[in-house]
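Just so it is clear, none of the values below were taken in a lab; they were calculated from the coordinates. Predicted, not measured: the structure shown is a model, and the values here were computed from it. Don't worry about glycine lacking a Cβ; one is built from the backbone with ideal geometry, like all the others, and counts go over all protein chains shown.
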Amino acid sequence: MAGAATAAAAAAAVATATAASSTKLSSSTPYLTSSSTFSSSTTIPPPVTMLSSQLPWTPDSPMQIGFVGAGRMAEAIAMGIIVSGKVEANNVMASAPSDKNLWHFQNLGCRTTHSNTEVLQNCNIVFFATKPHILPIVLAEVSPAVTRKHVLVSVAAGVSLHTLEKLLPPKSRVLRIMPNLPCRVQEGAVVMARGRHAEKCETEYLQNLLSVCGLCEEVPEAYINIHTGLSGSGVAYVCMFSEALAEGAIKLGMPSGLAHQIAAQTLLGAAKLLLQSGQHPAQLRSEVCTPGGTTIYGLHALEQGGLRAAAMNAVEAATRRAQELNKQ
Ligand SMILES: NC(=O)C1=CN([C@@H]2O[C@H](COP(=O)(O)OP(=O)(O)OC[C@H]3O[C@@H](n4cnc5c(N)ncnc54)[C@H](OP(=O)(O)O)[C@@H]3O)[C@@H](O)[C@H]2O)C=CC1
Ligand SMILES: O=C(O)[C@@H]1CCC=N1
């Protein structure tokens, strides 16, 4: 259901932009600062031509992008950067132990292999998109092939830059990103933090590359686990909310397909209104609420069900889990 994924992305982007926004709430200034307001009409930055001299490659040798791990998140990022035209598919290589997910990359026209080391040997920027508990094994395996020319990007939830740098050769250029699944439809919310030996130019390049996937911001590493709880996992919360809204309509007799489509479109519309208006959610909510009308009755029912507390608890629980993952 593309609408649901887009709605989830836009809603997750709103939540991310809201969390990242430092704007004080006031009636006059827009809730979301211009730097944090994101909308699908945001112009895509020009193709990356100017590479910093510090980056380990030259303009006439195109960037080779690698993925170690070819699952849902790797494929979502690859889809975003390829479908947008930012990167040619044949400049992308993915590795995984089985063919279970590699065929997605083959379908995109990417190179694939079962050798993780081969990805390091052929690519400049390498995304590590295995599950967190697999990452130490993989980093130990590929470390002999890591050079100062590589920019290594971990996608794994919870694994800190300190842990990554301990698992990699000294002075490795490592960054950590937390994307979300709607990168697949270029409506993602991505945050990143750089390790001690990654340069600003690498963050700028990565931000330029991933900005085609949606909102993309460099943040202090302390925000990454919070972003995981808010937006990495938040897409699932929004999908559950969409499912529940639709089930309310189904209970009253609306056909399932129509109910789910309307629910997802409602989330998408509300998210776009929030993103493009820059309004605080409470301001927008008040515009829907007719005194004595229908909305206030629905909102009262949501308050009785503890929706706010449940949502806050969800973000906190997932953030705490991300923090635990680093201790494994
Ligand atoms: N799913 C999401 O929404 C998000 C996920 N993430 C993070 O992304 C990472 C991947 O998650 P996700 O894509 O959902 O997971 P998936 O299970 O979909 O993909 C995991 C991938 O890792 C591969 N893999 C397993 N063992 C190895 C190995 N030894 N060497 C190389 N590859 C290996 C799998 O291989 P095979 O194809 O053979 O099974 C698979 O391709 C996780 O760390 C997660 O925290 C971050 C943000 C959002
Ligand atoms: O559930 C997980 O651990 C991954 C990270 C954020 C979304 N999915």
Which GluC sites (Glu not before Pro) in the stretch 263-322 pass both tests, a DSSP loop state and at most 10 other beta-carbon atoms within 10 Å?
none
Trypsin sites (Lys or Arg not before Pro) within the stretch 139-214: DSSP coil, no more than 13 neighbouring Cβ in 10 Å:
148, 149, 171, 196
Going down the table (86/149; 149/200; 149/327; 171/200), which pairs top 23 Å between alpha carbons?
149/327
Cα-based Rg/(2.2 N^0.38 Å) for the stretch 174-307, rounded to two decimals, is 1.31
Please give the FRET efficiency for residue 100 paired with residue 254, using the beta carbon to beta carbon distance and R0 = 35 Å, rounded to the nearest 0.05.
0.40
Binning at 5 Å from 0, report for the stretch 234-327 what percent of all alpha-carbon pair distances ends up in each bin.
3, 11, 14, 21, 23, 14, 7, 4, 2, 1, 0
Sort 213, 183 so that the residue with the fewest other Cβ atoms within 10 Å of its own Cβ comes first and the one with the most comes last.
183, 213
Starting from the Cα of residue 133, step 7 Å along the direction of its Cβ; do the same at residue 203; then give the gap between the two resulting points in nm.
3.3
Contact order normalised by length for the stretch 234-327, with contacts defined as Cα pairs under 8 Å and 6 or more residues apart; what percent is it?
16
Calculate log10 I(q)/I(0) of the stretch 78-132 for q = 0.14, 0.19, 0.29, 0.30 Å⁻¹, where I(q) comes from the Debye formula with a single equal point scatterer on each Cα and nothing for solvent.
-0.34, -0.63, -1.34, -1.38
Let me understand the stretch 196-263 better: what is its radius of gyration from the alpha carbons, and its Dmax, in angstrom?
18.7, 59
With a 10 Å radius around each residue's Cβ, average the other Cβ atoms per peptide and rank 122-135, 77-90, highest first.
122-135, 77-90
